[in-house]
Amino acid sequence: MSTKIRIISLALGILILASSCTYEELIQYLDSTEELREVLSADELARLRHCESTDNYQAISPSGRFRGAYQFDQITWDDVAGRHFEWLVGIDPIDASPWWQDSMTRALWSERGRQPWPHCGLKV
């Protein structure tokens, strides 16, 4: 078994054990995020997430406008979701699972780079 397959198998096992997702949800996630997985590494996401929210997927800015680990506003969230993950349109970012917040961040980064995160994007 190749190293890449072992890593993917381990990651899938951890994802299943660490979450309450169903097999169908896991397949949907893997199918819909395949083209975005290489946009930001796990380490790059972690640095951005730590800067934006100290790793808190439920973070809400003092104004209430920016929400989730990567501090999306609802308009941006819905805009990106409409192009990449239609079932997330209208979902509050803090109500989205961590893996969907990560995927939305990768999708936005693929379109606009660090621009939406003018301070924290520099840490990536």
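Read-outs: derived from the displayed coordinates by stated rules, not from any lab. Please read these numbers as outputs of a predicted model, since none were measured by experiment. Ideal geometry is used to build each Cβ from the backbone, glycine not excepted, and the neighbour counts take in all protein chains shown.
A few remarks follow.
- With the highest mean first, a sort of the peptides 61-74, 81-94 on other beta-carbon atoms found within 10 angstrom per residue produces 61-74, 81-94.
- The phi-based Karplus calculation (6.51 cos²θ - 1.76 cosθ + 1.60; θ = phi - 60°) puts the 3J(HN,Hα) values of the range 44-49 at 5, 4, 4, 5, 5, 5 Hz, whole numbers, x for Gly and Pro.
- For Phe72, residues with placed amide H under 5 Å, excluding near neighbours: Arg67
- Distant-in-sequence amide contacts of Ala59, defined by a placed amide H-H separation under 5 Å and a gap of 5 or more residues or a different chain, comprise Gly68, Ala69.
- Zone residues, the range 56-98, relative to Ser110, backbone N less than 13 Å from point 7 Å out along Cα-to-Cβ: 80-86
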